[in-house]
């Protein structure tokens, strides 16, 4: 009596094989062909009730033409490979639809692949090689302890990388500051470390465990503008509304600022005879912050000079006045010595 299940598996294998040759399925060709192999092995595997498998792989003497274990090992390995590829495709279509974080997707896919291949190894040991799992687990437990002690720091970096990619406080393309000393553009977050490109075009590799223990400031997320401030002081004799208008007008002419976010100027406090002002502006790319500040400062200085407004305290003209000479001056002698002052003439007493 024919086995309809095995026949259906063979038919599905033929369909997958044909689809693999179609041009529109070229991107999935390897997965389709591996699926064809798995379906074919499952359909012809010599087991009880499978007449086709028993007929193909068994001789008249009862011995197998091919080792059955060989088919089992191939089935488990190809199955693990196919599951990892499908999982990678699911991550690309669901959690990372725009694929703007390929390294984060690769991190999750690699971890899942390791677990899948471990399951495949256990399956080969138990179902194909017929070895007791207790001895394998005991050996693997001792090996895990040894590796855990030897790779202590590396494992800390790996799990910190997983935490960073799950929480996603920053991603590739963000400008971050670590410990207020390291600042730059995130290039990659991989298994062990985060690669940061600094403003001086240096590539700094920071272990993920260091970043996990540090205070990280994300200067810019995607599609978010960065806000910055320029501070200056003007004499209080100049009307504040005049200064605010000049600052905002000068800043609005800059091409470095974000479109749609107008710069704003405010008076903040008194400092003696001065009034402190703040000019707030926004830029799209934090890497251009220095150029934007330089452009704004140049425009502000020129605008204030055109209206004869000085930045900071006004220049003070200080004149030094010498004390007056005494009424009775000393006379110099011929040889350079100073003689005693001459006696004053007595005031006549006119009397009554």
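The values are calculated or read from the model by the stated rules, or taken from the named source; none is laboratory data. Remember, it's a predicted structure, so these values are computed and weren't measured experimentally. Methodologically, a virtual Cβ is constructed for each residue, glycine included, from the backbone with ideal geometry; neighbour enumeration extends over all protein chains shown.
Per the listing 211, 244, 205, the residue uniquely assigned by TED's automatic domain parsing to the domain that holds residue 184, in a helix (DSSP H, G or I) and in contact with a strand residue (DSSP E or B) (Cβ under 7 Å, 6 or more places away or on another chain) is 211. Residue count for the range 48-97 under the criterion of being at pLDDT 70 or above and part of a helix (DSSP H, G or I): the result is 26. Within the range 287-318, restricting attention to residues that are part of a loop (DSSP other than H, G, I, E, B) and modelled with pLDDT of 65 or more, which residue is farthest from residue 272 (Cα to Cα)? Selected residue: 307.
If you go through the range 190-203 and pick out every residue that is modelled with pLDDT under 85 and within 13 Å of the chain's Cα centre (by Cα), you end up with 1. Scoring residue 266 on the criteria (1) under 22 Å from residue 175 (Cβ atoms); (2) surrounded by fewer than 17 Cβ atoms within 10 Å (Cβ to Cβ) leaves a single failure, condition (1).
Do we have any residue at all in the range 132-144 that's at pLDDT 85 or above, part of a helix (DSSP H, G or I) and more than 22 Å from residue 77 (Cα to Cα)? Checked the range 132-144: no residue is at pLDDT 85 or above, part of a helix (DSSP H, G or I) and more than 22 Å from residue 77 (Cα to Cα).
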